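Data first, discussion second: the structure below is written as structure tokens.
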Amino acid sequence: GTCATSQGIRPRTRAAVIGASMPDIRVAIAGLGAIGRVLARRLADGMPGIALACVAVRNRPKAEAWLREQKINVPIVALDEMPAHADLAVECAPAALIEQICRPMLASGKQVIVLSCGALLPRPDLIELARQNGGRILVPTGALLGLDAVAANSVRMTTRKPPDGLLGAPYLVANKISVEGLNEAKRVFSGSAREAAAGFPANVNVAAALALAGIGPDRTMIDIWADPGVERNCHSIEVDADSARFTLSIENVPSENPKTGQIVALSVLAALRKLGAPLAVGT
């Protein structure tokens with residue numbers, strides 16, 4: 001539905017339709033290769049709030065045969081017809097087709113999930129097109145992993161901080177652990193993220209975020225070191241999942257408060273920008 005404003009007609013907000021169910025997001029899939037087929041099958045099987053609306057393909061007879069075999073009943077449309085059928089298009093096609101896929105959708109104020117994100121780099125005009133028309137380009141994280149992959153079997157984080165950044169932590173005070181005058185690194189804590197958050201409330205927000213995004217605060221483990229050899233807040237995250245095993249290392253420059261990195265405020269600003277940005281990187 002819509003509601004009138006002084007600037008014309010705009011979609012109703014979620015707040016304006018409390019008590020009413022939100023309509024499904026209609027999705028178009030551009031390309032029925034290996035990725036497109038998996039998406040089509042999954043959407044056809046049913047996903048809350050999402051509906052497969054149409055597909056666009058290069059080889060129509062081949063696509064018709066596959067859709068018939070899969071008992072998926074959606075129209076096959078041309079790329080420039082997708083905006084009439086869908087709110088969002090998923091680009092699963094060769095990078096050379098990115099403009100033919102993106103332009104009609106973005107010009108119509110719709111969204112596009114771009115898998116060939118390298119093709120965006122020389123095409124900032126697509127981002128501008130999205131901005132001008134209220135459209136949006138979404139880039140899933142994919143092989144970058146990061147927090148998308150922390151629904152894992154085990155997650156262990158090691159934090160190394162300048163000793164001054166740990167002074168006064170409740171855990172250190174309660175256990176009479178001194179970090180003053182250190183000549184070498186000293187491990188001052190080993191346990192769960194929940195315990196760390198309680199014992200070091202000003203120091204381990206990264207661990208808390210990691211736990212909330214992943215396997216929870218009781219299974220996410222953390223070691224904390226007071227290290228006179230580092231000038232930055234250093235975090236190393238080891239993730240062991242069925243899908244991947246990886247290590248993520250971060251070195252944050254402390255802010256005026258040595259307990260907190262400068263990146264925290266910047267991260268909040270980035271999150272706020274992402275909410276209304278025409279290009280969002282990461283899922």
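The values are calculated or read from the model by the stated rules, or taken from the named source; none is laboratory data. None of these values were measured; they are calculated from a predicted model. A quick note on method: Cβ atoms are made from the backbone with ideal geometry, for glycine too, and the neighbour counts reach across all protein chains shown. Note: accessible area is taken over every heavy atom of the protein model, side chains too, but ligands, DNA and RNA are not part of it. Shrake-Rupley method; radii C 1.70, N 1.55, O 1.52, S 1.80 Å.
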Cα gyration tensor, segment 19-130 - rounded (a/c under 1.5), prolate or oblate: oblate
message: Quick check: at a probe of 1.4 Å, how many percent of the accessible area of segment 159-247 sits on carbon and sulfur atoms?
response: 47 percent
message: With a cap of 13 neighbouring Cβ atoms within 10 Å, and only residues DSSP puts in a loop, list the trypsin sites (Lys or Arg not before Pro) found in segment 56-122.
response: Lys71
statement: Cα-based Rg/(2.2 N^0.38 Å) for segment 145-254, rounded to two decimals, is 1.05
message: Suppose all protein chains stay in the model; what accessible area per residue would a 1.4 Å probe give for segment 183-243, in Å²?
response: 49 Å²
query: Taking segment 186-247 as the region of interest, what is the percent of Cα-Cα pairs per 5 angstrom bin, listed from the shortest bin to the one with the maximum distance?
result: 4, 17, 28, 26, 15, 8, 3, 0
- request: Output ³J(HN,Hα) for segment 65-74: one whole-Hz value per residue in order, computed from phi by the Karplus curve 6.51 cos²θ - 1.76 cosθ + 1.60 with θ = phi - 60°, and x for Gly and Pro.
  value: 5, 5, 4, 5, 4, 7, 6, 9, 9, 9
